[in-house]
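Asks: Okay, here's the structure, questions in a sec.
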Amino acid sequence: MATTDPRESEPAAPKSILARARAVIARPWIINTLRALFIAAVLAAVTYTVIRSWKDIRDYLFDLAWQSVLLAFAAAFAGMAANIMAWRSIVTQLDSPVTINTAARITLLGNLAKYLPGSVWSYVAQMELGKRAGIPRARAFIASLIAVGLSTTASLILGALAIPALAASDEGEPFVPIILALIPIALVCAHPKVLTKLVETFLKIVRKPPLGHAITWRTVNTATAWSALAYVCFGIHLWLLANAAATPGVEGLFRSIGAFALAMTCGMLVIIVPSGIGVRDAVIATALTPYVGFGTAAGIAVVSRLVFTLADLMAAGAAGASAFTEMRRNRPAAKDL
């Protein structure tokens with residue numbers, strides 16, 4: 001007489017609520033819908049930023065020399081390229097080497113999410129884009145965090161160039177001791193041993209595998225140098241806009257570099273404001289006021305925001321078009337299926 005294992009007749013144990021939720025979220029149509037909604041939200045936020053800026057600077061923009069505006073665009077693109085190289089150098093150190101084109105797609109497309117309230121969305125987008133490029137999400141997220149940390153170190157060092165302008169204004173003077181106090185802290189955190197320890201601690205908290213090797217001086221120096229070059233290019237972009245309205249000179253160039261570096265970092269730290277709106281503009285206006293007056297400086301700050309927004313859109317559009325072209329090129333022909 002055949003015997004039956006009692007376990008075979010028992011009903012399967014019900015799945016936990018968390019397992020069921022994961023199963024539902026993992027369905028392709030839900031993932032595609034969430035991606036579409038996210039992209040729509042990003043595009044809506046960028047469009048709103050452009051429209052809002054345009055109302056404020058429409059008359060002022062056309063008074064600037066078009067040559068200066070075009071050169072400002074070129075400087076902004078150059079800075080974006082340097083940021084791509086900084087992120088790529090870090091993710092390569094994390095044993096996930098990618099091509100320049102792939103790094104550009106991840107950083108440029110993910111960067112558009114900064115126009116949503118909360119800085120975290122850029123990291124979420126870069127994690128997803130990195131995953132599609134074969135980079136584990138945790139590794140892509142860590143690469144972005146390290147890039148932000150080293151970029152902040154570079155911005156604080158270069159930001160020292162703008163301290164005289166900030167100290168000369170009632171609005172900027174309170175920030176001077178804060179900046180001076182943050183510089184040594186940033187330098188300590190950028191030390192490879194400290195940086196490695198911070199990353200390992202984070203990985204332990206989120207229960208991810210350890211790095212397996214220490215972050216090297218070469219990685220720190222390379223990424224920081226690329227980030228510093230990016231801020232120099234962004235500062236030149238600002239100086240070109242100021243030069244179209246006045247003659248800030250060489251001193252104004254140094255102040256522009258320092259001011260833009262600090263402005264970008266301050267805008268990033270205020271996470272509740274999309275793309276640092278208002279915060280970044282205030283820092284830039286304060287630094288340029290000695291050269292062009294507050295009214296003109298405020299106008300230049302808003303023009304700079306519009307230039308950057310349009311540059312972000314064009315760069316991300318080019319990266320997206322490149323990805324689409326490569327996808328079509330690599331798609332197998334119907335006869336091969």
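Asks: Per-residue HN-Hα couplings for region 129-139, Karplus 6.51 cos²θ - 1.76 cosθ + 1.60 at θ = phi - 60°, whole Hz, x for Gly and Pro?
Replies: Per-residue couplings from phi come out as 5, x, 4, 5, 8, x, 9, x, 4, 4, 5 Hz.
Asks: Related question: Give, rounded to the nearest 20 debye, the magnitude of the charge dipole that region 109-181 has about its Cα centre when Lys and Arg contribute +1 at Cβ and Asp and Glu contribute -1 at Cβ. Could you put the intermediate results ahead of the total?
Replies: Working: 5 positive and 4 negative charges, 137 e Å.
Rounded to the nearest 20 debye, it is 660 debye.
Asks: Contact order normalised by length for region 147-252, with contacts defined as Cα pairs under 8 Å and 6 or more residues apart; what percent is it?
Replies: Details: 64 pairs, mean separation 33.4, N = 106.
After rounding, I find 32 percent.
Asks: Calculate, for region 160-230, the solvent-accessible area per residue in square angstrom, rolling a 1.4 angstrom probe over the heavy atoms of the protein chains. Don't jump to the answer; show the numbers that get you there.
Replies: Working: 4490 Å² over 71 residues.
That works out to 63 Å² for each residue.
Asks: Tell me, what is the FRET efficiency for THR325 and CYS189 to the nearest 0.05, using R0 = 30 angstrom and their Cβ-Cβ distance as r? Can you show the working numbers first?
Replies: On the way: r = 40 Å, r/R0 = 1.33.
For THR325 and CYS189, the calculated efficiency is 0.15.
Asks: May I pose another question? Beta carbons within 10 angstrom, averaged per residue: use that to sort the peptides 205-212, 155-162, highest first.
Replies: On the way: 205-212: 10.4, 155-162: 23.0.
Packing order, densest peptide first, comes out as 155-162, 205-212.
Asks: Turning to a different aspect of this structure: For region 100-109, take each phi angle, set θ = phi - 60°, evaluate the Karplus expression 6.51 cos²θ - 1.76 cosθ + 1.60, and give the result in whole Hz per residue in order, putting x for glycine and proline.
Replies: Karplus values, whole Hz, x for Gly and Pro: 4, 4, 5, 4, 5, 5, 5, 6, 6, 5.
Asks: Given the C-alpha centroids of region 211-251 and region 120-153, what is the distance between them in whole angstrom?
Replies: Taking the Cα centre of each part, region 211-251 and region 120-153 sit 20 Å apart.
Asks: Across region 153-160, in residue order, what do the Karplus-derived ³J(HN,Hα) couplings come to in whole Hz, using 6.51 cos²θ - 1.76 cosθ + 1.60 with θ = phi - 60° and x for Gly and Pro?
Replies: 4, 5, 5, 5, 5, 5, x, 4
Asks: Within 13 Å, Cβ to Cβ, of ALA133, how many net charges do the neighbouring residues add up to if Lys/Arg are +1 and Asp/Glu are -1? Walk me through the numbers on the way to the answer.
Replies: On the way: positive: ARG88, ARG105, LYS131, ARG132, ARG137, ARG139; negative: GLU128, GLU326.
Within the 13 Å Cβ shell, the charges total +4.
Asks: Which of the three applies to region 217-266, rounded, prolate or oblate, going by the alpha-carbon gyration tensor with a ≥ b ≥ c and a/c under 1.5 meaning rounded? Intermediate values should be presented prior to the final figure.
Replies: On the way: a/c = 3.19, a/b = 2.51, b/c = 1.27.
Cα axes put region 217-266 in the prolate bin.
The values are calculated or read from the model by the stated rules, or taken from the named source; none is laboratory data. Values in this document were obtained by computation on a predicted structure and should not be read as measured data. As a convention, Cβ positions derive from the backbone with ideal geometry for all residues, glycine included, and neighbour counts pool all protein chains shown. These accessible areas exclude ligands, DNA and RNA; they are computed on the full protein's heavy atoms, side chains included. Shrake-Rupley method; radii C 1.70, N 1.55, O 1.52, S 1.80 Å.
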